[in-house]
Amino acid sequence: FMKLPLAKDINDFESEWTEPYIIKISNPPNAPNIDGPSTGKPGNICNYNFTNCFDPDGDSVTYYVDWGDGEIDEGNVDSSGSFSLSHSWNETNDYVIKAKLIDEYGAESDWIEYEVTITKTARAINIPFLNWLQKYPNLYLILQTLLQRLGLQS
């Protein structure tokens, strides 16, 4: 293997090769999915699962979650492609949870949004069994949807 000089001047002086500069073209990670309660009461903790957190290049991924109330969580996503976080809001209001992923090379997913209503009224779940189910967001959402379809909950 013959190395050619990087440059040669008119006096035949040659420069040395420099170390190569590697450029990585990185595909952005997937936008995460958000699963959890869409209603709650002030001060009550709500649990959320964030799934589909994969990078097509297999790069390390960091998540950013903006809770819509000025608080932001960030951390690394493990190889399972999911993570769970809990949050509570102190004020009655409508909030938008936004989440995105960024890989180790700075490639970013799109923001994903999830709306949450925090209220002191009957819109928050007041059936004790369903309050207990809020600890298990996937099961809770299935039963909540079933009750709504049966007309037992608004």
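The values are calculated or read from the model by the stated rules, or taken from the named source; none is laboratory data. Keep in mind that what you see is a predicted model, and the values were worked out from it rather than measured. Note: ideal-geometry Cβ built from the backbone for every residue, glycine included; neighbour counts use all protein chains shown. Surface accessibility is based on the protein's heavy atoms, side chains included, excluding ligands, DNA and RNA. Shrake-Rupley method; radii C 1.70, N 1.55, O 1.52, S 1.80 Å.
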**Report entry** Placed amide H near ASN33: partners under 5 Å, 5+ positions off or other chain
**Finding:** THR51, ASN52
Report task. Give me the number: length gained by fully extending ASP12 to ILE142, i.e. 0.36 nm times residue separation minus the C-alpha to C-alpha distance, one decimal in nm. Result -> 39.1 nm
Report summary line: Ranking LYS41, LYS120 from most to least accessible area with a 1.4 Å probe gives LYS120, LYS41
Report summary line: Residue-ordered couplings for the stretch 45-52, obtained by feeding phi - 60° into the Karplus form 6.51 cos²θ - 1.76 cosθ + 1.60 and rounding to whole Hz (Gly and Pro as x), are 7, 10, 9, 10, 10, 10, 10, 6
Query raised in the report: Can you put THR51, THR117 in order of accessible area, largest first, using a 1.4 Å probe?
Result: THR51, THR117
Query raised in the report: Counting other Cβ atoms within 10 Å of each Cβ, which GluC sites (Glu not before Pro) in the stretch 1-106 have at most 15 and sit in a DSSP loop?
Result: GLU16, GLU71, GLU91, GLU104
Query raised in the report: Would you list ASP110, ASP78 from the most to the least accessible area, probe 1.4 Å?
Result: ASP110, ASP78
